[in-house]
1. Please tell me if residue 391 is buried (at least 16 other Cβ atoms within 10 Å of the Cβ) and free of Cβ contacts under 8 Å to residues at least 12 places away in the same chain.
2. If a residue must be part of a loop (DSSP other than H, G, I, E, B), in contact with a Phe, Trp or Tyr (Cβ under 6 Å, 6 or more places away or on another chain) and within 13 Å of residue 323 (Cα to Cα), how many such residues does the stretch 348-371 contain?
3. Starting from residues that are of a type in the set (A, V, I, L, M) and open to solvent by 10 Å² or more (accessible area, probe 1.4 Å), keep the ones in the stretch 300-315 and report whichever is nearest to residue 382 (Cα to Cα).
4. If you go through the stretch 148-157 one residue at a time, do you hit one that is buried (at least 16 other Cβ atoms within 10 Å of the Cβ) and at pLDDT below 90?
5. Provide a single number: the residues in the stretch 104-118 that are open to solvent by less than 20 Å² (accessible area, probe 1.4 Å), out of contact with any Phe, Trp or Tyr (no Cβ under 7 Å at 6 or more places or on another chain) and not acidic (Asp, Glu).
6. Taking only the stretch 158-187 into account, find how many residues are surrounded by fewer than 14 Cβ atoms within 10 Å (Cβ to Cβ) and not basic (Lys, Arg).
7. I'm trying to understand the selection: among the residues of the stretch 201-228, which are assigned to a loop (DSSP other than H, G, I, E, B) and of a type in the set (S, T, N, Q)?
8. For the stretch 337-347, name all the residues that are in contact with a strand residue (DSSP E or B) (Cβ under 8 Å, 6 or more places away or on another chain) and either open to solvent by 20 Å² or more (accessible area, probe 1.4 Å) or part of a loop (DSSP other than H, G, I, E, B) (or both).
Amino acid sequence: MRLSSRSLSSSHCHCCSTPFSFSSFNRYPKMKSGSNTLMWFRKGLRIHDNPALEYAAKSSTYVYPIFVIDPHYMKPDPDAFSPGSKLAGLNRIRFLLESLLDLDSSLKKFGSRLLVLHGEPSDVVIRCLKEWDVKRLCFEYDTDPYYQALDGKVTNYASESGIEIFSPVSHTLFHPAEIIQKNGGKPPLSYQSFLKLAGDPHWSSSPLCTTLPMIPPIGDTRNCEVSEVPTEWVAKFEKPKGDPSAFIKPATTMLSPYLKVLLPVHSRGSKRGQKPHLSTNFPYWAAAWRDARTGFPWIDAIMVQLRKWGWIHHLARHSVACFLTRGDLFVHWEKGRNVFERLLIDSDWAINNGNWLWLSCSSFFYQYNRIYSPISFGKKYDPSGAYIRHFLPVLKDMPKEYIYEPWTAPLSIQTKAKCIVGKDYPKPGQFNLQASAYQLLFVYLNQNQTNQVCPVNPSWRPRWRW
């Protein structure tokens, strides 16, 4: 298994029309030797298996490896619901800075280093191109619409200035535009149709580049304000107390933050009937879900782990996403998408949007009556509730018979456990019954599941999948 992303069939090279191949250096487009090259790092923060860096290192006199700290993502926001910036939580920012330190360390082994700059990326990159007399610009192609806009501004300037541009597709396994083109100009709306269109990656038979022979030195940085990788950002905020990783050993490799490899996902919504969310967007419900105050311990424990760790198991993501959207609260999927984008250290624009579209049954998956239970699903894996007790210590003394449904415990049991539901831990019914009523109405309008139990019964649950 290859642990890093590889480029596919062709790259964006503005110096010739020949598709880029990974088989050897000899297949690269010809370029003038003895020129200055700017290597703009974004997501591919690695030395190995990096086509843009591999190309930049060939026949250059100087190579300027840069990373731009973008205030759009990194400016601290004191009004955010958790420490961090407006778009990125503390864990995500910390992981980025640690990755930059690792990249800087790798570059220093070649006698180079990472040049960190601050500001609006397109403005900063254009200034560097001018100041450093750059003749070649290399960067990894990005599918994120925000970066697409930045790239358009930079490439327009570079093209007008006669600067060679090399932008290979190496973050995704396939080029989304090529998949859409193969499908007659429309994005495939199922995974099966995507696989049929995609076939095998063009690079699958190419050798993996694990080392570089050399990286040319950095030239004069002149008037550009260059700094080392920042570390003070993290120090301004309190780290989560304790070490939860010492308690729970994740059942996955947890490689997603490092790989961030995804398949292209493009959709504007379902064409197969009404969307299964009502787009109610009630602020209280969304905030209760985000802040771990739903009254369902399985859901709340997951959201606490998300905030503390910046990572949760993929089935835990399924549970909380289903609960927020089609399962209980019928809040619009974009509200949850925004929380995941900010808190997950492995958050990626395309896969985050695609997963939320899927799990809310807004696209790709349409069996909206198949629900993850906020009670029985977690109990299947952890009958004793050890996971809940760890992340919700207020429930640590609750007997296992009631740990997933503490509101059903007699008052004497709640008192003994030092957790009175409605006082020490939220009641679930305050908003759940209203949401369930909406769900029952939705089922009725779709002429499906018409034999549901009346939602005025606190124990009523929709037809659970697990």
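The values are calculated or read from the model by the stated rules, or taken from the named source; none is laboratory data. Since the structure is predicted, the reported quantities are computational estimates derived from the model, not experimental observations. With ideal geometry, Cβ positions are generated from the backbone for all residues, glycine too; neighbour counts draw on all protein chains shown. Just so you know, the surface numbers come from the protein's heavy atoms only, side chains and all, with ligands and any DNA or RNA stripped out. Shrake-Rupley method; radii C 1.70, N 1.55, O 1.52, S 1.80 Å.
1. Working: buried (at least 16 other Cβ atoms within 10 Å of the Cβ): yes; free of Cβ contacts under 8 Å to residues at least 12 places away in the same chain: no.
The answer is no for residue 391.
2. 2
3. So the first thing to find is which residues in the stretch 300-315 are of a type in the set (A, V, I, L, M), and the list is 301-304, 306, 312, 315.
Next, only the ones that are open to solvent by 10 Å² or more (accessible area, probe 1.4 Å) stay: 304, 315.
Values: 304: 17, 315: 13 Å.
Out of the qualifying residues, it is 315.
4. No, because not a single residue in the stretch 148-157 is buried (at least 16 other Cβ atoms within 10 Å of the Cβ) and at pLDDT below 90.
5. Here is the first cut: in the stretch 104-118, the ones open to solvent by less than 20 Å² (accessible area, probe 1.4 Å) are 104, 107, 112, 114-117.
Those left that are additionally out of contact with any Phe, Trp or Tyr (no Cβ under 7 Å at 6 or more places or on another chain): 104, 107, 112, 117.
Filter once more, keeping what is not acidic (Asp, Glu): 107, 112, 117.
Final tally of qualifying residues: 3.
6. First pass over the stretch 158-187, keeping only residues surrounded by fewer than 14 Cβ atoms within 10 Å (Cβ to Cβ): 159-162, 177, 181, 184-186.
Retained after the next criterion (residues that are not basic (Lys, Arg)): 159-162, 177, 181, 184-185.
Number satisfying all stated conditions: 8.
7. Pass one, the stretch 201-228, residues assigned to a loop (DSSP other than H, G, I, E, B): 201-226, 228.
Once the filter is applied, which keeps residues that are assigned to a loop (DSSP other than H, G, I, E, B) and of a type in the set (S, T, N, Q), the stretch 201-228 yields 204, 205, 206, 210, 211, 221, 223.
8. Going through the stretch 337-347, the residues in contact with a strand residue (DSSP E or B) (Cβ under 8 Å, 6 or more places away or on another chain) turn out to be 342-343.
The answer is none; no residue qualifies.
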